[in-house]
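Worksheet: the structure to be examined is printed underneath.
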Amino acid sequence: MFRYLPLVLKNAWRNKRRTTLTVASIGISMCLLGVMIAMFHAFYLSNPSPEQALRLVTRNRVSFTVFIPLSYRDQIEHVPGVRAVTVANWFGGVYKDDRDPKNNFARFAIEPEKLFRIYGEFRMPEDQQKAFIRDRTGCIVGRDLANLFHFQVGDRLHIVGSVFPGDYEFTIRGIFDSPRNSEIMYFNTEYMEQSMPENRRGNVIMYYILIDDPSHAGRISNAIDALFANATNQTKTETAQAFGVAFLALLGNIKMFLIGISAAVMFTILLVSANTMAMSARERVREVGILKTLGFSPGSILGMILGEACAISIAGGAIGYLISTQLLRLVIKSPFGGYMPPMSVFQMPVALTCVFIAAAIGAMSSFVPAMGASRTTIVAALRSTD
Amino acid sequence: MSIPFAYNLRNLVVRKTTTIMTALGIALTVAVLLAILALVSGLRSTLSVSGDPLHVLVLRKGSDSELVSVFLRSQFQDLKFKSGIALGRDGQPLASMEVVTIMILEGADRSEGSNFTVRGLPPAGIEMRRNVHLVRGRWFQQGQREVVVGKAIADRFPQAQVGKKVRFGRGDWEIVGVFDASGGAQSSEVWGDLFQVSSDLQRVDAVSSGLVTATDPVTAKALVASLNDDQRLGVKAMLEKDYYDQQTSSAKPIESVGLIVAIIMAIGSSFAAMNTMYAAVARRAREVGTLRVLGFSKGSILISFLVESALLSGLGGLLGCMLAMPLNGITTAIGNNTFSETAFAFHVTPQIMLTGIIFAVALGSVGGLFPARMAARKQILTALREG
């Protein structure tokens, strides 16, 4: 089979313009497919990063728009395997003008002394961490957010509360680096708590929990939820990764969306490739006759045409995959990327899937013309005038 | 003189395999675009019938949604007696004080369950909503732990039927009826008695929002302005219509991702169309030469091939519309600004289909441009000698 490889490649490159256009067309469709596969992989199949695997999120069972009491924290802390717990309140609020989407960055009220323990991957100078813990009205911002607004340590931020009412004036005490999109701001939950009227204190949206071992995640989640099974506010505890997926699912049926578009793209590639192979096979009927006269078996002719189609679609698939890694880089850096599980741009399983799909599509698309060519009789083939 | 149209048509028919495959490729691209447009249009139309132009919604200052808003009973007393509010059947102002929360229903299609908005409202609140009517059972009674569910919920969840119980807050609630909001977003809500729901949530004095009916649209606008200016009341008022219109933004992520996908697919398809047209030009080189000998100009050859390409992609556009048609009327749901679901149906409107066909023709014309130019530029003698 590989004996014919030079011939196959030569045939593939015979009509340069057609091959280029086909490869370009497949490549462009394939880059979409690459992004879809990478996202699907990240959402539903990938293992979380070591830091992420150690984090759980507890929220109200009904919805994270319904509060759970602050008193739960101490109880959660005593569950075996729990290393640290922090309140994590999605704050909302309005910065400057909320009609500009840029101003709607994520803001969380947390406990400063615990944040860096639970988010081991965050990097911030020691003195900034200390300053953040010391100043009750302090806040820290992610590098991406700081770059977006040109924030510097010592700057002041004015935010008007919405879910949690009040006027808040923060001082930036530090800028942290994160491997993920970090258009995010953290501040001391104590500041918020003290600013609220008496009857609205003690409300928590989520707890972030650090556990001792990823393999205990299931047991610890169940143990926490069992604590409050008979309380008015029942909880739901899940891994940070599962929480992220559930959050995104609120936007719509992500799985359906990914699968639907991927199917449409794959079918398009199949058609493009089949069209090219049909055109190229039609031009070469007489040539096939000559090959047969020379003693090439129907099987090897079948293999040559299939191989040609595979070569073209694999080239398209490879180019498409390379473009998709660049697209993925943009997706990860977009605000949307903050909700996604952390994922690296290059992943072996994704790359292999793309190439495999390309090869399979190539083989399928050329099967009909290849069968036709291998079955024609020498006389009929040589007589063809097309 | 231009080359007859039938010439292009016949050429497409002769090479039917290639024509169909190229057209189907374009059709899939168009179908993806149409699906996205139909989704957004369906959501828009649901939200646009949800807001009554006479209704003024009152939230706490700084709140964007009813769920995070807090509205005090004392504020309601002031609101109720503002001028410009229509009177109800009982002679009282048409004003409703409402409490909003979230409940969870274990879903048929989603294991972790779906969230729905629960609304506690007084009888005036039902009277005010002119688009809402009961389709089964009866309305809830005041002082009872009873609810009515929206039709969009009852249709999708077997456990949300009259006679069954749903669970939220501190316990079970009996379903006594199903209501329909004539395609509005309220069909995805669960309604119960204001006092029962608010006391269950321990929010008797601090509910979520106020809603009033103005006597006419002009008064409604004036009412919004006067409420927003009222420093003592300290509320944020808006037309209910505007409130729902703002929620179309929840489809923004899907819309923009979908459009990017459709455009990338269109680039791929236009390359495929280019391929097909180059092959057509190559196979018909002698014909092109003959046409030139007969006296057709370079321009008419260029136009003829462009027309053929547009025809090919227009066919793809039509096929795409046919692929997207079955989507029409399919119900789906999307998360709204209170993180609960709003059900709506895909809307494949004629306008959307026209957009799809124009999109297809445009991408086909771009793909056909270079091959057509190549055909037009051929020297007569070399063209006749080719093939």
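Bear in mind that the values in this text are calculations on the coordinates, not laboratory data. As the structure is a computational prediction, the values presented were derived from the model and not from experiment. FYI the Cβ positions are ideal-geometry reconstructions off the backbone, even for glycines, and counts take in every protein chain you see.
Tabulated results
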read-out	value
Residue-averaged beta-carbon neighbours from other chains (10 angstrom radius) around B:177-186	0
Built amide H within the under 5 Å cut-off of residue A:204, gap 5+	A:68, A:70
Most mobile of B:205, B:172, B:90 in a GNM of chain B (Cα contacts under 10 Å)	B:90
Helical segments meeting 15 Å axial Cα length and Kyte-Doolittle -1.0 threshold in chain B (DSSP H)	B:16-48, B:217-229, B:252-283, B:298-324, B:350-377
Sum of -39500 (n - 2.57) over DSSP H runs of 4+, divided by residues of chain A (222 nm, nearest 500)	-17000 deg cm²/dmol
Rounded to whole Hz, the Karplus (6.51, -1.76, 1.60) HN-Hα couplings of region A:128-137, x for glycine and proline	5, 4, 5, 4, 5, 5, 5, 8, 5, 9
Cα gyration tensor shape for region B:118-277, rounded if a/c is under 1.5, else prolate or oblate	oblate
Long-range amide H partners of residue B:168 with built H, under 5 Å	B:173
24 Å Cα-Cα reach of residue B:378 towards lysines, excluding residues that sit fewer than 8 places from it in its own chain	A:16, B:298
Proximal aspartates and glutamates relative to residue A:333, as straight alpha-carbon distance under 13 Å, when same-chain residues fewer than 8 apart are discounted	A:144, A:183
Proximal aspartates and glutamates to residue A:10, defined as alpha-carbon separation beneath 17 angstrom and excluding residues fewer than eight positions away on the same chain	A:283, A:287, A:308
Residue-averaged 222 nm ellipticity for chain B, from DSSP H runs of 4+ at -39500 (n - 2.57), nearest 500	-16000 deg cm²/dmol
Hypothetical label at residue B:74: residues of region A:165-199 whose amide nitrogen lies under 19 Å (7 Å Cα-Cβ projection)	A:165-166, A:196-199
Order by protection proxy (mean Cβ within 10 Å, highest first), peptides A:352-364, B:130-142	A:352-364, B:130-142
Peptides A:265-274, A:153-162, A:299-308 ordered by average Cβ neighbours within 10 Å, highest first	A:265-274, A:299-308, A:153-162
Peptide B:12-25, shielding by other chains (average Cβ, 10 Å cutoff)	4
Exercise: per-residue mean of other protein chain Cβ atoms within 10 Å, A:19-28	5
Amide H contacts under 5 Å for residue A:155, placed H, 5+ residues apart	A:172
Centre separation in Å (Cα based) which lies between region B:4-59 and region B:174-224	36
Non-local Lys pairs in region B:55-215, i.e. 8 or more apart or on different chains, that have alpha carbons under 20 Å apart	4
Residues residue A:152 and residue B:87, FRET efficiency given R0 of 45 Å [Cβ-Cβ distance, rounded to 0.05]	0.15
